[in-house]
Amino acid sequence: MRYQIVKEEWNMKKQNSFLPILLTYIVILFLYSVFVFSVFSSAYSPVFWIGYIATFISYVISFSLSYIVFVKNISPTNRFLGLPLHHVGILYASLQTIFSLIFMAIPAIPFLVSVLIQIFLFGISTITLVSTQGARNYIEHMDDSVKEKRMFIIETANQIHLLETKAEEKSIQNSLHKVYETIRYSDPMSSEKLEHVETQMKTTLQELQTAALSHQVDTIEKKCQELCILAEQRNMLCQQYKQ
C-alpha cells in the first residue's frame, strides 16, 4: 500500500512538471518569433526562413529531451558528450538561436555556411534524442523483464501477509509473519530452474489458505513450517545456479 501511494505521488509530480516545461518553451519561442519578425521584417530571405525553422525545431528537440528527463523519469544524471541530457537540449536551442540571429543580421555570411552550421547542430542533437530514446526503451524492457521474474516472490509474500492480517490468534499471526519475513527477504529472481520448488510452494500456499479459512490451527502451523523450508531450499538453489 505504501509503495502504491509513493508511486501515485511520483506520477502526480511528473504530470505537474509537464505543463510548466511546455509553457516555458512556448513563451520563449513566442518571444523569439516576435523579435525576429519585428527586427528582420524586411529581410525574409532563405537564410531567414531556414534559421527560423531550424530554431523552431531546436526548441522541439530541447523540449523533448527535458520531457524525457523530467516527465518520463530518465535520470537527469544520464549524459551525452559529457553533459546531462536536458543540458544538451538547452545548449542546442541556445546555440541555434544565437547563430540564427547572427545569420539574419549579417546577410554577407555565405548561405552555404549558415546552412551547414545549422545542419551540424541539428545532427548532433538528433543523435542525442535518438540514442536517449533507444536507451529508454532498453531500460524499460529490462525493467519489465526483471519485474516479471520477481512476481512470484512478491505475490507469494503478499498473499501470506493478507492471511496474517486476517488471522485472529496471536500464535497463528506469529507463524504467518515468520513465513512472510522469510519469503519477503528471499532471493527475488525466478527462473525455469526453480520451477519445481516454486510449484511446491504454490501448492503448499493453497493448502495454507484452505486451512486458514477453516481455522485448522495445527495444519496452519505445519504448512507455515513447510513453506519456510521450501523457501530456504529455493534460496540454496538460487545460490547454486549463480555460481
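Each reported figure results from applying straightforward, stated rules to the coordinates on display, with no laboratory input. Computed from a predicted model, the values in this text were never measured in an experiment. Positions of Cβ are backbone-derived with ideal geometry, glycine not excepted, and every protein chain shown enters the neighbour counts.
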Practice prompt. Sort Phe37, Phe122 so that the residue with the fewest other Cβ atoms within 10 Å of its own Cβ comes first and the one with the most comes last.
Written response: Phe37, Phe122
Item to complete: Can you put Ser214, Ser33 in order of Cβ neighbours within 10 angstrom, beginning with the fewest?
Response: Ser214, Ser33
Worksheet entry | Karplus-derived HN-Hα couplings along segment 164-176 (A = 6.51, B = -1.76, C = 1.60, θ = phi - 60°), whole Hz, x at Gly and Pro | 4, 5, 8, 5, 9, 6, 5, 5, 5, 4, 5, 5, 5
Worksheet item: Whole-Hz Karplus ³J(HN,Hα) for segment 208-224, in order, using 6.51 cos²θ - 1.76 cosθ + 1.60 and θ = phi - 60°, x for Gly and Pro?
Response: 5, 5, 5, 5, 5, 5, 9, 6, 8, 4, 4, 5, 4, 4, 5, 5, 5
Worksheet item: What number comes out for the charge environment of Asn174, summing +1 per Lys or Arg and -1 per Asp or Glu over other residues with Cβ under 13 Å away?
Response: -3
Discussion item. Apply the Karplus curve 6.51 cos²θ - 1.76 cosθ + 1.60, θ = phi - 60°, to the phi angles in segment 231-238 and return the couplings in whole Hz, x for Gly and Pro.
Written reply: 5, 5, 4, 4, 4, 5, 5, 4
Worksheet item: Going by average Cβ neighbours within 10 Å, how do the peptides 190-202, 227-239 rank, with the highest at the top?
Response: 227-239, 190-202
Worksheet item: Separation of segment 155-220 and segment 86-102 by C-alpha centroid, Å?
Response: 59 Å
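Sum up the charges of everything whose Cβ sits under 9 Å from the Cβ of Thr204, counting Lys and Arg as +1 and Asp and Glu as -1, but leave Thr204 out.
Numbers: positive: Lys202, Lys223; negative: Glu207, Glu226.
That works out to 0.
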Worksheet item: With a ≥ b ≥ c the root eigenvalues of the C-alpha gyration tensor of segment 167-242, is it rounded (a/c under 1.5), prolate (a/b larger than b/c) or oblate?
Response: prolate
Worksheet item: Residues with amide H under 5 Å of Met189's amide H, sequence separation 5 or more or different chain, H placed in the peptide plane at 1.01 Å from N; which?
Response: none
